[in-house]
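Right, one structure below, let's go through it.
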Amino acid sequence: CFSHAVHRRLKYVSLAVLVVQNASLILSIRYVRTLPGDRFLSTSAVVIAELLKLTTCGLILEWLRFLYNALITEYRDTLKLAVPSLIYTLQNNLQYIAISNLPAATFQVTYQLKILTTAIFSVLMLRTSLSRVQWLSLLLLFAGVATVQVQQQQQQQQQQQTQQGEQNYLAGLAAVIVSCLSSGFAGVYFERILKGTSGSVWVRNVQLGIFGALLGTLGMFWKDWETVRERGLLFAYTPMVWAVVLNQAFGGLLVALVVKYADNILKGFATSLSIVVSTVASTHLFGFHVDPLFALGASMVIGAVYIYSLLGRGPRGLLFVRS
Ligand code: C5P
């Protein structure tokens with residue numbers, strides 16, 4: 001059975017690691033003890049090694065206790081997080097479909113609709129009140145990012161007329177639209193749990209991650225069982241693919257912190273600004289020119305940030321003024 005197989009594998013892995021570790025330990029002790037110059041205290045090396053083992057086991061024990069508390073003791077909260085977890089897992093899979101089937105700029109424009117879905121879900125689920133000016137600034141933000149992306153697309157089409165691979169535009173579009181709904185709903189749902197209950201953002205992330213890992217694995221086996229069995233889980237993982245996966249994971253933790261310290265709507269402003277900044281950066285790196293359309297789009301985005309945060313003052317603005 002599965003656990004026997006894992007046990008057997010761990011047996012050989014641990015023995016193999018021990019062979020390498022033991023040989024290298026003896027050689028390295030001999031090496032450091034025969035170097036010219038001051039010699040370290042061997043009694044202190046013994047003490048430090050004990051302290052390191054103690055700390056490692058303590059950390060592992062603490063981690064297990066943390067997991068037990070987060071998952072079992074607070075099982076009700078854990079179950080609540082199954083909802084955003086399922087939705088995020090779907091969204092993360094849909095994004096690969098969308099980006100594989102749509103030109104990058106088209107994906108980015110359409111995905112910015114999540115600014116509006118997030119605002120709508122914030123109003124519905126968190127009873128956020130947005131002034132009319134703030135709604136207008138959200139529309140301006142969307143229009144601004146869309147303009148920047150349309151400009152980018154025009155430029156790229158001029159540069160390369162070719163379309164590589166087999167792409168299904170409609171499937172891509174459907175995937176991105178569902179992603180927008182999912183991003184708004186799951187983001188606000190997570191914000192509601194995070195801010196409405198006492199658990200730390202780390203506990204919430206562990207609860208979210210446990211379901212995400214389980215559901216993601218089920219999805220993977222359901223869709224790609226044959227390939228996983230024949231070629232393995234990490235088939236065709238190049239260093240670049242590792243970089244993508246690490247970036248995705250880091251981005252997820254960053255989103256959690258942004259939602260904790262700011263909120264989902266402000267997150268939309270930050271990512272829109274990052275699109276403008278990265279376009280300017282690529283202008284310098286890859287020699288794109290900034291044309292009037294880009295300047296217009298960028299001004300709309302910056303104007304929207306300004307209007308939302310300064311004119312739409314309130315608890316949801318960037319500048320919170322206590323009255
Ligand atoms: O595009 P959007 O901002 O909705 O993407 C959010 C991303 O952050 C998703 O990939 C989601 O899995 C991740 N996330 C996370 N942990 C959270 C909240 C979101 O990993 N607590």
**Fill in**
Whole-Hz Karplus couplings 3J(HN,Hα) for the stretch 110-116, θ = phi - 60° and coefficients 6.51, -1.76, 1.60, Gly and Pro as x, run 5, 5, 5, 4, 5, 4, 6
**Point-to-point label distance, E226-Y12, nm (Cα→Cβ direction, 7 Å offset)** = 2.8
**Message:** Rounded to the nearest 20 debye, what is the charge dipole size of the stretch 51-139 about its Cα centre when +1 sits on each Lys and Arg Cβ and -1 on each Asp and Glu Cβ?
**Reply:** 160
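By its C-alpha gyration tensor, with a ≥ b ≥ c as the square roots of the eigenvalues, how is the stretch 10-69 shaped: rounded for a/c under 1.5, else prolate for a/b larger than b/c, else oblate? Present the calculation step by step, with values, prior to reporting the outcome.
On the way: a/c = 4.98, a/b = 1.58, b/c = 3.15.
It is oblate, given that a/c is not under 1.5 and a/b is not larger than b/c.
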**Message:** Using each residue's phi in the stretch 128-139, evaluate 6.51 cos²θ - 1.76 cosθ + 1.60 at θ = phi - 60° and report the 3J(HN,Hα) Karplus result to the nearest Hz, with x for Gly and Pro.
**Reply:** 5, 9, 10, 6, 4, 4, 5, 4, 4, 5, 5, 5
**Prompt:** What is the extension gain from T55 to Y96, computed as 0.36 nm multiplied by their sequence separation minus the C-alpha to C-alpha distance, in nm to one decimal?
**Reply:** 10.7 nm
**Request:** Measure off 7 Å from each Cα along the Cα-to-Cβ vector at V178 and N22, then give the distance between these two points in nanometres to one decimal.
**Result:** 5.4
**Message:** Can you work out the Karplus-derived ³J(HN,Hα) for every residue in the stretch 29-42? Use 6.51 cos²θ - 1.76 cosθ + 1.60 with θ = phi - 60°, whole Hz, and x for glycine or proline.
**Reply:** 5, 4, 4, 5, 7, 10, 5, x, x, 4, 9, 6, 6, 5
**Prompt:** Of T283, V305, G212, which is farthest on the positive side of the dipole of the chain, counting Cα position, with +1 on Lys and Arg Cβ, -1 on Asp and Glu Cβ, and the Cα centre as origin?
**Reply:** G212
**Asked** Quick one: Cα centre-to-centre distance for the stretch 182-246 and the stretch 1-45, in angstrom?
**Response** 34
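Might you report the magnitude of the Cβ-based charge dipole of the chain about its Cα centre, with Lys and Arg at +1 and Asp and Glu at -1, to the nearest 20 debye? Could the numbers behind the result be given before it?
Values: 24 positive and 12 negative charges, 173 e Å.
It comes to approximately 840 debye.
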**Item:** Nearest 10 degrees, 0 to 90: helix 239-261 Cα axis against the chain principal axis
**Value:** 70
**Prompt:** In the chain, with Lys and Arg counted as +1 and Asp and Glu as -1 at Cβ, which of these residues, Y88, A104, Q167, has the Cα nearest the positive end of the dipole, that is, farthest along it?
**Reply:** Y88
**Request:** Please name whichever of G184, L27, A119 sits farthest to the positive end of the charge dipole of the chain, dipole taken about the Cα centre and charges placed at Cβ: Lys and Arg +1, Asp and Glu -1.
**Result:** L27
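Here, each number is a calculation from the coordinates, and none is a lab measurement. None of these values were measured; they are calculated from a predicted model. Glycine also receives a Cβ, built like all others from the backbone with ideal geometry; neighbour counts cover every protein chain displayed.
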